[in-house]
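Input: a single structure, listed below in structure tokens.
FYI, it's all coordinate maths here, none of it is from the lab. In this text the structure is predicted, and so the values were computed from the model without any measurement. Cβ placement follows ideal geometry from the backbone for every residue including glycine, while neighbour counts extend to all protein chains displayed.
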Amino acid sequence: MTSRLLLLLSLAALASCSAANNESSSNRKNQGPVAHNTVVECILYDGMTKQSAQLSTIDSGAEVQVMDTVDAYFVKARVSKDGKVLNGYMYRTCFPQR
């Protein structure tokens, strides 16, 4: 009897953990690009290394749509400049700490 009760409690605990995991991941999927303003002049790169091609220089205070936080150093960004939309990568240090 106690082994069945222990089994049911462990299954209930596993089910609640997986349900909480599904809820948190579904919230992230619904978020779109978030507008941020740069605090310093930055460069929009084609890739995630400093050796990548430079697409554009973004002035201080310019609005940038951050689409994804790629890693600890870069974010995927979308910028409108001179009537063109450019997609690329920028350093996180271009934006204020939140």
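Values as computed for the structure displayed
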quantity: For the range 57-64, Karplus couplings with θ = phi - 60° (6.51, -1.76, 1.60), whole Hz, Gly/Pro x; calculated: 9, 9, 6, 5, x, 6, 8, 10
quantity: Nitroxide proxy distance, nm - points 7 Å out along Cα→Cβ at ASP71 and LYS50; calculated: 1.5
quantity: Using θ = phi - 60° and Karplus 6.51 cos²θ - 1.76 cosθ + 1.60, couplings along the range 83-93 (whole Hz; Gly, Pro as x); calculated: x, 10, 9, 10, 10, x, 10, 10, 5, 5, 5
quantity: Cross-link partners of LYS76 among aspartates and glutamates (Cα-Cα below 13 Å; sequence separation of 8 or more within a chain); calculated: ASP46, ASP68
quantity: Neighbour net charge for ASP59 - beta-carbon separation under 14 angstrom, K R +1, D E -1; calculated: -2
quantity: Sequence-distant residues sharing a close amide H with ALA62 (under 5 Å, placed H); calculated: THR38
quantity: Cβ-placed point charges (K, R +1; D, E -1), dipole of the range 36-98 about Cα centre in debye, nearest 20; calculated: 100
